[in-house]
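Read the structure below first, then the notes.
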Amino acid sequence: MKLEVIIKNNVYYDSVSLMQISKTVESHEDIEKAMVGMGTAMNKELLENAGLINQAALNAQPSDLIIAYTTTSDKLTPEEISSLVDAQLNKQDSNATSTSVQAPKTIPNAIKRYPEINFAQISVSGTYAAQEARKALNNGLHVMLFSDNVSVEDEIELKSLAHAKGLLMMGPDCGTAIINSVGLGFSNEITPGDIGIIGASGTGTQETSVLIDKYGGGCSQVLGTGGRDLSKEVGGSMMLDCLAALAKDEKTKIITLISKPPVEEIADKIIEASRNVEKQVVICFINDRQRENLNTITFTSTLEDAARLSVQLSTGKVKELANELSSKEILENAALLPSQKYVRGLYCGGTLCDESASIFHNAMPETTFSNVGKVNRLQTIGVSQGNTFLDMGDDTFTVGKPHPMIEPSLRNERFLKEALDPETAVVLFDVELGYGSHKDPAGEVIPAIVEAQTKLQALGRHVVMIAYVLGTEKDKQIYSVQVAELKNLGVIVANSNAQAAKCALDIIRNK
């Protein structure tokens with residue numbers, strides 16, 4: 001096996017673009033594994049963990065592009081791979097810019113050219129992210145900071161600066177927002193309406209907005225805070241500022257807050273601020289302890305309940321969705337063997353994984369394991385125990401690779417492994433549609449489904465496969481098309497993530 005490292009000095013591309021190019025390089029028939037990324041300390045650590053590091057990569061500067069790969073071919077030359085990367089980079093440049101007007105390279109130049117702008121979405125290396133966000137705020141722009149690897153100290157400083165200037169500082173690590181019906185990051189095409197969402201979890205916010213759409217409601221604004229906002233250190237500062245903003249927004253009638261359970265003192269702060277809002281507020285601290293409703297505040301513990309209640313308060317009625325999940329009927333048709341007694345959940349969306357694991361943990365605490373959330377931790381990430389729920393977007397799975405919402409086929413190898421485990425009764429998985437996601441995420445998991453079903457048939461076993469498709473009919477991937485792809489293979493498709501998990505739980509209990 002031969003390691004090759006190519007350094008391109010003084011160029012910059014965002015991490016999402018480079019993740020996609022990494023996948024293209026790795027798909028080359030003569031390459032075993034590859035990573036294309038900027039020469040940041042974090043990327044060097046990822047390269048080292050993947051066995052793709054040498055002295056040239058170690059010497060690279062944050063402004064240098066690193067192309068690292070391993071190959072067994074003597075015919076494959078670095079020049080060929082360099083040309084492949086250049087072609088992909090040039091393709092993205094041509095898609096991102098007009099044929100006649102070069103896009104501005106800096107925030108000050110963008111403001112100079114477009115003085116009417118009031119919002120900046122920032123997705124750069126964590127080394128530079130805080131610096132760029134500071135520039136935007138000092139120029140009077142609201143900020144959505146998609147980048148992660150920003151220190152807590154910088155986050156606190158940026159949010160304090162934004163508060164002083166009357167601006168929103170969404171992030172760092174803010175993955176989802178919909179501003180005036182424009183989707184940013186990972187988001188979906190949602191019907192406009194009067195429900196405003198403030199979310200401290202990306203896929204949890206997506207799930208809530210999608211369910212609101214399905215239940216017949218619509219969203220005015222969807223604001224992200226970043227996953228760390230409700231930590232003790234940050235103190236929920238952006239959720240509080242977003243709450244104040246939506247309280248004044250004439251388009252917003254109902255305000256829905258989404259987060260994993262914060263520490264009690266921060267929860268109290270959010271609840272107290274919500275009591276002072278003259279609008280109905282729905283609060284979903286996912287799988288939180290039961291809390292008593294207040295005059296204008298209603299608490300829920302699942303995203304599904306938060307969406308239903310928000311639509312009920314908004315429109316006075318909720319569109320009922322057909323429930324095709326009958327655990328009793330599924331069990332009768334499945335003919336599961338006595339050895340098949342566990343559920344294996346494989347998720348691209350971290351919050352969806354956490355919600356499902358929590359549902360199981362409440363019912364079966366001793367046999368529920370995950371790599372995330374407040375349940376039993378797996379002893380070894382590569383070996384499932386009991387009912388296992390894996391967040392496949394966790395860093396342990398994405399070293400040098402795109403996030404599985406961008407490239408869901410990364411889950412396929414583990415999907416096949418879990419389906420063929422003699423103890424597996426149900427494989428539970430999610431499919432995310434919308435902006436930022438793969439163009440055909442259901443299609444990407446189909447090869448693993450077909451291979452698993454073929455091998456299981458030869459072994460005389462059947463495994464129940466339950467999916468949740470997060471998306472709307474208006475998304476570019478088209479919800480009904482994605483659902484049909486899965487149902488054609490006998491996959492059971494749930495109307496919500498919670499519904500999928502509860503059905504799987506019923507199957508295990510009844511069996």
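A short reminder: the numbers here are calculations on the coordinates, not readings from a lab. On a predicted model such as this, the values are computed, not experimentally measured, just so you know. Cβ atoms come from the backbone with ideal geometry, glycine included; neighbour counts cover every protein chain shown.
With +1 assigned to the C-beta of every Lys and Arg and -1 to the C-beta of every Asp and Glu, and no other charges, what is the dipole magnitude of region 2-96 about the Cα centre in debye, to the nearest 20?
140 debye
Among all the lysines, which ones have a C-alpha under 26 Å from LYS112's C-alpha, if same-chain residues fewer than 8 places away are not counted?
LYS135, LYS159, LYS165
Farthest toward the dipole's positive end in the chain, which of SER274, GLY350, ASN90, given Cβ charges of +1 (Lys, Arg) and -1 (Asp, Glu) about the Cα centre?
SER274
With unit charges on the beta carbons (Lys and Arg positive, Asp and Glu negative) and the dipole taken about the Cα centre of the chain, which residue among ALA419, SER237, ASN371 sits farthest to the positive side?
Value: SER237.
Lysine pairs, Cα distance under 17 Å, 8 or more residues apart or cross-chain: how many in region 192-320?
Within region 192-320, the lysine pair count is 9.
Short version: ³J(HN,Hα) in whole Hz for each residue of region 413-427, in order, from phi by Karplus 6.51 cos²θ - 1.76 cosθ + 1.60 (θ = phi - 60°), x for Gly and Pro, what are they?
With the stated coefficients, region 413-427 comes to 4, 6, 4, 5, 4, 6, 4, 8, 5, x, 8, 7, 9, 9, 9 Hz.
Taking the Cα centre of region 104-173 as origin, sum charge times position over the Cβ atoms of Lys and Arg (+1) and Asp and Glu (-1), and report the length of that vector in debye to the nearest 20.
Using only the charged Cβ atoms, the result is roughly 420 debye.
Below 22 Å, Cα to Cα, which lysines can LYS455 reach? Residues fewer than 8 away in the same chain don't count.
The qualifying lysines are LYS341, LYS417, LYS487.
Rounded, prolate or oblate for the chain? Axes are the square roots of the Cα gyration tensor eigenvalues, ordered a ≥ b ≥ c, and the cut-off for rounded is a/c under 1.5.
It is oblate, given that a/c is not under 1.5 and a/b is not larger than b/c.
Work out the charge dipole of the chain with +1 on the Cβ of Lys and Arg and -1 on the Cβ of Asp and Glu about the Cα centre, then indicate which of VAL450, SER301, ASN149 is farthest towards its positive end.
Working it through, the farthest residue towards the positive pole turns out to be SER301.
In which sequence would THR388, THR256, THR70 go, from the one with the fewest C-beta neighbours within 10 Å to the one with the most?
Result, fewest neighbours first: THR70, THR388, THR256.
If you add up the charges near PRO262, with Lys and Arg at +1 and Asp and Glu at -1, over every other residue whose beta carbon is less than 15 angstrom from its beta carbon, what do you get?
Combined, the nearby Lys, Arg, Asp and Glu give -1.
Rounded to the nearest 20 debye, what is the charge dipole size of the chain about its Cα centre when +1 sits on each Lys and Arg Cβ and -1 on each Asp and Glu Cβ?
680 debye
Taking 22 Å as R0, compute the FRET efficiency from the Cβ-Cβ separation of GLU48 and ASN9 and round it to 0.05.
0.55
When a/c reaches 1.5 or more, the comparison of a/b and b/c decides; with that in mind, is region 1-67 rounded, prolate or oblate per its Cα gyration tensor?
oblate
Indicate the gyration tensor shape class of region 300-458 (rounded, prolate or oblate), computed on the Cα atoms with a ≥ b ≥ c the square roots of the eigenvalues: a/c under 1.5 is rounded; otherwise a/b larger than b/c is prolate and the rest oblate.
rounded
Please arrange ILE286, ILE31 by counting, for each residue, the other beta carbons lying within 10 Å of its beta carbon, fewest first.
Going from least to most buried by this count: ILE31, ILE286.
Would you list PHE369, PHE397, PHE186 from fewest to most Cβ contacts within 10 Å?
Placing the least packed residue first, the sequence is PHE397, PHE369, PHE186.
Beta carbons within 10 angstrom, averaged per residue: use that to sort the peptides 337-345, 290-298, highest first.
Result, highest mean first: 337-345, 290-298.
First select every other residue whose beta carbon is under 12 angstrom from the beta carbon of THR106; then total the charges, Lys and Arg +1, Asp and Glu -1.
Charge balance near THR106 sits at +3.
Report, by chain and number, residues whose modeled amide H sits under 5 Å from the one on PHE119, excluding near sequence neighbours (fewer than 5 apart, same chain).
Excluding prolines and chain starts, which carry no amide H, the hits are HIS142.
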